[in-house]
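*Asks:* Next up is a structure, given as C-alpha cells.
The values are calculated or read from the model by the stated rules, or taken from the named source; none is laboratory data. Please read these numbers as outputs of a predicted model, since none were measured by experiment. Please note: Cβ atoms are built from the backbone with ideal geometry, for glycine as well, and neighbour counts cover all protein chains shown.
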Amino acid sequence: MEIKRTTEFFIETARRFVVRPVNGNTRCLACGESLLAAEQCAALLQINCRLIFQMIERGAAHFVENPTGATLVCPTSLAAALSAESPTVRTGEET
Ligand SMILES: [Zn+2]
C-alpha cells in the first residue's frame, strides 16, 4: 500500500513603496494632493500605465503635464476612480 502525502507551503510577502515627489512637490490643482509620475502611480496601485492614461482621457483622474511633457497624476483621484469602476481593485497589496 502506498501512502501519498501532500505538503503545502504558504508564503506571505509584504511590499513597501517609497514614493518620492517628482519635480519637488507638485500639488494637484483640484484637490491639493501630491502628484506622482504615471509610472509611480502604476507601481503603487499595481496597474499598468495604459489604464492610467485611459482614466485620464475619461476625465476620471486629475493630472497635469509638466513642461518636459511628463504626465503627473493625482493618486487619490485615480484610486477613487478605480474603486468606483471596479470595487475589486485592491491597492497596495499583492494578489
Ligand atoms: Zn487630485
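*Asks:* For Ile11, all conditions in the list (1) of a type in the set (A, V, I, L, M, F, W, C); (2) surrounded by 10 or more Cβ atoms within 10 Å (Cβ to Cβ); (3) more than 14 Å from the ligand (Cβ to nearest atom) hold save one; what is the number of the exception?
*Replies:* (2)
*Asks:* Being more than 16 Å from the ligand (Cβ to nearest atom), surrounded by 16 or more Cβ atoms within 10 Å (Cβ to Cβ), modelled with pLDDT of 90 or more and in a loop (DSSP other than H, G, I, E, B), is that true of even one residue in segment 45-58?
*Replies:* Yes, segment 45-58 contains at least one residue that is more than 16 Å from the ligand (Cβ to nearest atom), surrounded by 16 or more Cβ atoms within 10 Å (Cβ to Cβ), modelled with pLDDT of 90 or more and in a loop (DSSP other than H, G, I, E, B).
*Asks:* Is segment 27-34 home to any residue that is within 16 Å of the ligand (Cβ to nearest atom), assigned to a loop (DSSP other than H, G, I, E, B), touching a Phe, Trp or Tyr at 6+ places or on another chain (Cβ under 9 Å) and modelled with pLDDT of 85 or more?
*Replies:* In the first step, residues of segment 27-34 are kept if they are within 16 Å of the ligand (Cβ to nearest atom); the result is 27-34.
Then drop every residue that is not assigned to a loop (DSSP other than H, G, I, E, B), which leaves 28-33.
Adding the requirement that they be touching a Phe, Trp or Tyr at 6+ places or on another chain (Cβ under 9 Å) leaves 28.
With the extra rule that they be modelled with pLDDT of 85 or more, the set shrinks to 28.
Yes.
*Asks:* Consider only pairs whose beta carbons are under 9 Å apart and that are at least six residues apart or on different chains; among these, list those whose first residue lies in segment 57-72 and is small (Gly, Ala, Ser) and whose second residue is more than 15 Å from the ligand (Cβ to nearest atom).
*Replies:* Note: pairs meeting the criteria are Ala60/Gln54; Ala60/Glu85; Ala70/Asn23.
*Asks:* For the subset of segment 67-95 comprising residues that are hydroxyl-bearing (Ser, Thr, Tyr) and under 17 Å from Ala38 (Cβ atoms), which member is modelled with the lowest pLDDT?
*Replies:* Narrowing segment 67-95 to residues hydroxyl-bearing (Ser, Thr, Tyr): 68, 71, 76-77, 83, 86, 88, 91, 95.
This time we only want the ones that are under 17 Å from Ala38 (Cβ atoms), so: 68, 71, 76-77, 91.
Working: Thr68: 86, Thr71: 92, Thr76: 94, Ser77: 95, Thr91: 47.
Step by step, filter segment 67-95, then rank; the result is Thr91.
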